[in-house]
């Protein structure tokens, strides 16, 4: 068998740079429905997610927290959100709630009907429909382990995927919106790469992640035009 017979069919690229850094790979599982992800894409891993959001069974008011998203200082565990000031009048929907992080620290208070952005979570306590909130009404939001799936790294995220983890070795089609099959792929976990050939999520550039990549054993240079 001629090991070199197919060389003229290969499409070279400038992703890899020469150097003494060993090239090591690992398996990653790409999240479905990301579309086509190119070779050289820098990946992050989803490590955190918002889990259960619950109103205490003993609540008098029927306000609700419909959804919550993660912010910069999020912790794993259960956030407790308790009413400390009742609404200013019937159907006023301006009750004030104390917010406690999983480590017990009290964060900035949350006002009903106002988007909360206390540095850990982003949520809104909705308006009551039939019964106003009273002091003592309680809500919990749990933050737990994420899916562990790989996505394009994006420094605007807060679920762990804002940190670079590895570089995809080959093009992968993960499907469009609605796709559900996650795909196991191969990624470089160390090596020396051309920063101009790397692909990032959002508006990120190599400069946003170079320090982190170096910690992982991934070194960058730009001596090759791309």
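Taken together, the values in this text are just the output of simple stated rules run on the coordinates, not laboratory data. Nothing here was measured: the structure is a model prediction, and the numbers come from that model. Counting neighbours? That spans all protein chains shown, and the Cβs are built from the backbone with ideal geometry, glycine included.
Could you work out the helix-only [θ] at 222 nm for the chain, with each DSSP H run of four or more residues adding -39,500 (n - 2.57) and the total divided by the number of residues, to the nearest 500 deg cm²/dmol? Walk me through the intermediate numbers first.
Values: 1 runs with 11 residues, N = 226.
Result for the chain, helices only: -1500 deg cm²/dmol.
Using the number of other C-beta atoms within 10 angstrom as an exposure proxy, rank 122, 167 with the fewest first.
On the way: 122 17, 167 25.
The order, fewest Cβ neighbours first, is 122, 167.
Note the angle between two axes, namely the Cα long axis of helix 206-216 and the longest principal axis of the Cα atoms of the chain, as a number of degrees from 0 to 90, rounded to the nearest 10.
The answer is roughly 80 degrees.
So for segment 51-144, averaging the separation of alpha carbon pairs under 8 Å that are six or more residues apart and normalising by length, what relative contact order in percent results? If you can, show how the numbers build up before the last one.
Details: 241 pairs, mean separation 42.8, N = 94.
After rounding, I find 46 percent.
Only Cα pairs under 8 Å and at least 6 apart count here; give the relative contact order of the chain as a rounded whole percent. Write down the numbers at each step before the final one.
Values: 567 pairs, mean separation 76.7, N = 226.
Relative contact order for the chain comes out at 34 percent.
In what sequence do 39, 195 fall when counting other Cβ within 10 Å, fewest first?
39, 195
For segment 73-139 and segment 150-226, write down the distance between their C-alpha centroids in whole Å.
37 Å
Over the chain, with a Gaussian network built from C-alpha contacts below 10 Å, which listed residue (57, 210, 186) shows the highest mean-square fluctuation?
Of the options given, 57 has the highest mean-square fluctuation.
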